[in-house]
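**Student:** Would you mind keeping the following structure in view while I ask a few things?
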Amino acid sequence: MGGAVNRTGPEGEFVMATPQANPLLSELEARMAAHHLRGQWQADANRPQKVGKGANGQVQIEPVPAGVPHVWKWQEVLPLLRSACEAMKESHTARRAMVFTNPALQRGTTQTMLATFQIVPPGEIAWAHRHTINALRFSIKGGEKVFTVVDGRALVMEPYDLILTPGWCWHDHHNESDQDAIWMDGLDVPLTLALNQSFFEELGEIAQDRRGEDVPSLLRPAGERGVSARPYRYPWKEALRAVQAQSREGVDPCHGRILEYVNPSTGGAVLPTVNCQIQVLPPGFEGERFRHTASSIALVIEGEGKTVFDDRELEWGRNDSLVIPNWCRHRQINRSKREPAILFTMSDTPILAALGFYRSESRDSAAASPSVPAFKLSAAE
Ligand SMILES: [Fe+2]
């Protein structure tokens, strides 16, 4: 098959192996390289993967998680954000943001997404631009005088509101309050760069013209083709109401209770590349082990707990952020016996589902074929 040498192992099993080095083969590989050809049998050291054997001795390959689990502690990040306002009186790149760099990745928080903490001090405008990168903002410190303008609509950023800036939407951020505004950004930067699809444009003005407040409507001015009626703001008040309404539903042994933010135009995820959820771990919850091929980043809204991985435990509390790389086995634990823990999470599940790559494994499914969930795709608008 394609140049690989197939042979039988000591126990009669079927294995793939690289061919024995010999002068003829070395000379062939050198001649091939001169013509920009490479043997399929030549190992690719840049492709991390775990090679194992199945029950019948057959070769099995699975991904190695990209990056490592990590927690960014709010109490450690907050003074750094405030120092950034002192060290940079104005933001020269328009965004005073600090990227959560995964300790085991060259760039990004996961292989497809990155998160940042961004601070906008009182009176500042993070000027208008747009890019093909899809982005979201999850507000931490905000209020009615903090807002993002998305394609002409001013979207207020109260604490824990979700604001979307889908690819190629003009956006500028404003803080007209007397307190620092801080939020977590989520962006599909590593994916966009890997696909070499990054386009960026400055408006050339500090702020775009506003067409009015954010009033999601089923009507629009005639001729405004392409302007979506979908919401770009998901207020925390509404999310919390949905969480409370769900409190009598059953609890999933791995995940607790999960609610998904929905794009009502498609019934799918809020961004083509990113799915957003609220995860509620009831008091005393000790989840079962789970892993899936999606990577995720969480921000703790309320509560204290820990996430247990094969080789480490990471403790978290309010406003801390956590990354769970792809295919990383983990359990979620709420340390409180009285209060729920509530997490906002974003994951790259829509990409994997669209490509047919999504797999998950829990205690119940470990011995079975990988499961593909009933996950709705977000169709492009
Ligand atoms: Fe942006």
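**Student:** Given the options T101, T110, name the one that is more than 24 Å from E176 (Cβ to Cβ) and in contact with a Pro (Cβ under 7 Å, 6 or more places away or on another chain).
**Tutor:** The match here is T110.
**Student:** Kindly indicate which of F344, F375 is at pLDDT 95 or above and of a type in the set (F, W, Y).
**Tutor:** F344
**Student:** Do the conditions hold for T165, that is, is it under 29 Å from A242 (Cα atoms) and within 11 Å of the ligand (Cβ to nearest atom)?
**Tutor:** The answer is yes for T165.
**Student:** Let me spell it out: the conditions are (1) surrounded by 15 or more Cβ atoms within 10 Å (Cβ to Cβ); (2) away from the ligand (no atom under 14 Å from the Cβ), and E205 meets all of them except one. Which number is the exception?
**Tutor:** Result: E205 fails condition (1) only.
**Student:** Test each condition in (1) assigned to a strand (DSSP E or B); (2) surrounded by 14 or more Cβ atoms within 10 Å (Cβ to Cβ) for Q60 and report the one that comes out false.
**Tutor:** (2)
**Student:** Report whether or not H174 is over 28 Å from E313 (Cβ atoms), within 11 Å of the ligand (Cβ to nearest atom) and surrounded by fewer than 23 Cβ atoms within 10 Å (Cβ to Cβ).
**Tutor:** no
**Student:** Here's another thing I want to ask about it. Just give me the residues in the range 85-101 being away from the ligand (no atom under 16 Å from the Cβ) and either of a type in the set (S, T, N, Q) or within 25 Å of the chain's Cα centre (by Cα) (or both), in sequence order.
**Tutor:** F100, T101
**Student:** Moving on to the next point. Being assigned by TED's automatic domain parsing to the domain that holds I119 and loosely packed, with under 14 Cβ neighbours inside 10 Å narrows it down to one residue among K53, K89; which is it?
**Tutor:** K89
**Student:** Oh, and also: Mind listing whichever residues of the range 42-74 are within 15 Å of T116 (Cα to Cα) and touching an Asp or Glu at 6+ places or on another chain (Cβ under 9 Å)?
**Tutor:** The answer is V71, W72, K73, W74.
**Student:** Which numbered condition in (1) surrounded by 11 or more Cβ atoms within 10 Å (Cβ to Cβ); (2) part of a loop (DSSP other than H, G, I, E, B); (3) at pLDDT 85 or above is the only one that V227 fails?
**Tutor:** (3)
**Student:** Yes or no: R363 without any contact (Cβ under 8 Å) to a residue 40 or more places away in the chain and either closer than 20 Å to R257 by Cα or crowded, with 16+ Cβ neighbours inside 10 Å (or both)?
**Tutor:** No, not satisfied.
**Student:** So which residues in the range 102-152 are free of Cβ contacts under 8 Å to residues at least 40 places away in the same chain, surrounded by fewer than 19 Cβ atoms within 10 Å (Cβ to Cβ) and either closer than 26 Å to I278 by Cβ or within 16 Å of the ligand (Cβ to nearest atom) (or both)?
**Tutor:** Across the range 102-152, the qualifying residues are G143, E144, K145.
**Student:** Also: Does E11 meet the test of being at pLDDT 90 or above and of a type in the set (D, E, K, R)?
**Tutor:** In short, no.
The values are calculated or read from the model by the stated rules, or taken from the named source; none is laboratory data. Since we're looking at a predicted model, the values are computed, not measured. Every residue, glycine among them, receives a Cβ derived from its backbone with ideal geometry; neighbour counts consider all protein chains shown.
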